[in-house]
Amino acid sequence: MTNIITTDPQRFSDADYRNDPTSNDDISSNYEQEHEKRESRFEVLLLSLGLMINFVQESDQVKDSVLKSPLSSDIKKIFEKLISREVFPDNSLTYDQEPANHALGYLALLLAHLIIPSRSGNATIVREETRKWVERLLDDFVGIHRVVQSQSQEEGERKHVEGMAGEVENVLLLLRAQGMRREEVC
């Protein structure tokens, strides 16, 4: 699962895979197969990110294990590589790439959990620019979920989205509070 998240940054743009298939049926068939393969890889990435978030959120022991392992710095490195815009098509990340932003939002949430110190005081240290990107992406993530919530017709779905947005907002508040404490010390 950790290899899925950290070894191939291209996975974060798999949902945005676009090609111009010609009218040739063989090329179109190959395009569809390639598209399905990339879409499947992207779904596995989202599931892996979701599981890692749940693990570090729900278990102090798992969070400390991740923080003490190379995985913590691997997660930070992949995030920094993605925000440096080396991975996305045309070397850009725009808001119309919603699926990629969704994956990047999950990665930002995972990194935020690692930046916030565990009960034993362990934490991933990041540059201020990285922290700002995490905060920005989490703000966007909450905003997207609030829009979905307002457009949802089903009460059960609205409550689920509200719960998720609320959880991300709480992480964002903890992250910002931790950042302010750090600034006061400096």
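The numbers here are math on the coordinates, done by the rules we state, and not lab data. Predicted, not measured: the structure shown is a model, and the values here were computed from it. Positions of Cβ are backbone-derived with ideal geometry, glycine not excepted, and every protein chain shown enters the neighbour counts.
Points worth noting:
- Label-zone membership for the stretch 111-125, site LYS77, 7 angstrom Cα→C-beta point, backbone N under 17 Å: 111, 124-125
- Taking 0.36 nm per residue of separation and subtracting the Cα-Cα distance, full extension of the segment from GLU162 to MET1 would add 55.2 nm.
- Taking a straight Cα-Cα cut-off under 20 Å and skipping sequence neighbours fewer than 8 places away in the same chain, the lysines within cross-link reach of LYS68 are LYS76, LYS77.
- Computed from backbone phi, the HN-Hα couplings of the stretch 116-127 come to 6, x, 6, 4, 8, x, 6, 7, 7, 8, 10, 5 Hz, rounded to whole numbers (Karplus: 6.51 cos²θ - 1.76 cosθ + 1.60, θ = phi - 60°; Gly and Pro given as x).
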